Amino acid sequence: MNLEKTQEFIVNWIRDYATRNSIKSLVVGISGGIDSALTSKLCALTGINTAVVLMPIHQKKIEIDNAINHVKFLKSKHANIESIYLDLSNLFENFKDLFEPKFKTNLSLANSRARLRMSTLYQISGAKNGIVVGTGNKVEDFGIGFYTKYGDGGVDISPIADLNKSEVRKLAQFSGISENILNYPPTDGLWDDGRNDENQIGATYQELEWAMNFDGDKNKITERQKEVFKIYESFNKVNKHKMIPIPVCLIPKKIKSSL
């Protein structure tokens, strides 16, 4: 991958989209992770006003610190960066208190965190004649569907969704993203116990990329590789509804004509 040309291509793609659609600002949620760090850097390079939004919900201090330091890095390089810090922890607790215990499963609450963040980004983008810029990579968005529907999956454009995680890492390093972020285990920051992505998935992103791209003889792979395939195929199947258009009930004309 030609890193310079890839960076230039994505930056021009974002800028062209914004110009064609009369968009005045870009809004990016940043978590302290590599995907959002790279996406916000690419947005900054467009020269368009870019709002980077920190939205911790009982977040680990190291993740908040990584995000804050990334904002400082962006502001030191780009005059078009606006930072917004909104601690959503109390909002989340108030939201959670509305429900009876039977509705407060760990997974549903984790997804609610992501959806509160999505609503926050759209509140800001709506006030700024902007768009919400997605931070998902190819493995998450089109391989295993590892994101929250109408949460971090609720975006207007996805600049890095054609990059595998390894490609994200290479481009992030080329773009000057800090080593602290580059080396921090990928995490969605949605769980109180601090579990990271690979804890949840059961496989590394490197393994998942291998499974997505493998076209050889499955009878000649190792036991671990077979296990990774099962993990990949399981996630891909259960999350397929996120990766395809919403099903529409198409009523035959002969039935509709009688209405």
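We did not get these values from a lab; they are worked out from the coordinates using the rules stated. Everything numeric in this text was worked out from a predicted model, so none of it was measured. Ideal geometry is used to build each Cβ from the backbone, glycine not excepted, and the neighbour counts take in all protein chains shown.
In order along the stretch 73-89, the Karplus-derived 3J(HN,Hα) couplings, from 6.51 cos²θ - 1.76 cosθ + 1.60 at θ = phi - 60°, round to 4, 4, 5, 6, 10, 9, 7, 8, 9, 10, 9, 10, 10, 10, 7, 9, 4 Hz, and Gly and Pro are given as x. The residue list LEU38, ILE68, SER22 was ranked by how far each Cα lies along the charge dipole of the chain toward its positive end, using unit charges on Cβ atoms, and SER22 comes out on top.
Amide H contacts for ILE30 (H built 1.01 Å from N in the peptide plane; partners 5 or more residues away or on another chain; cut-off under 5 Å): VAL53, LEU54, MET55. Computed from phi, the 3J(HN,Hα) profile of the stretch 124-132 under the Karplus parametrisation 6.51, -1.76, 1.60 (θ = phi - 60°) reads 6, 5, x, 7, 10, 6, x, 10, 8 Hz, with x in place of Gly and Pro. Just MET55, MET212, MET118 to compare: in a GNM of the chain, with alpha carbon springs under 10 Å, which one fluctuates most? Its mean-square fluctuation being the largest, the pick is MET212.
Mean separation of Cα pairs under 8 Å and 6 or more residues apart, divided by the residue count, gives the stretch 3-243 a relative contact order of 21 percent. Values of log10 I(q)/I(0) for the stretch 48-207 across q = 0.11, 0.14, 0.15, 0.19 Å⁻¹ run -0.47, -0.79, -0.92, -1.56, by the Debye formula with one identical scatterer at each alpha carbon and no solvent.
Descending by average beta-carbon neighbour count within 10 Å, the peptides 90-99, 233-242, 30-39, 10-19 line up as 30-39, 10-19, 233-242, 90-99, the highest first. When the charge dipole of the stretch 152-259 is built from unit charges on Cβ atoms (+1 for Lys and Arg, -1 for Asp and Glu) and taken about the Cα centre, the candidate among VAL238, ASN164, ASN213 whose Cα reaches farthest toward its positive end is VAL238. For the stretch 3-243, the dipole from Cβ point charges (+1 on Lys and Arg, -1 on Asp and Glu) about the Cα centre works out to 360 debye, to the nearest 20.
Which entries of LYS75/LYS242; LYS24/LYS149; LYS41/LYS165; LYS5/LYS77; LYS102/LYS226; LYS102/LYS138 have Cα-Cα distances beyond 28 Å here? Intermediate values should be presented prior to the final figure.
Working: LYS75/LYS242 35 Å; LYS24/LYS149 26 Å; LYS41/LYS165 16 Å; LYS5/LYS77 20 Å; LYS102/LYS226 37 Å; LYS102/LYS138 35 Å.
Beyond 28 Å between Cα atoms: LYS75/LYS242; LYS102/LYS226; LYS102/LYS138.
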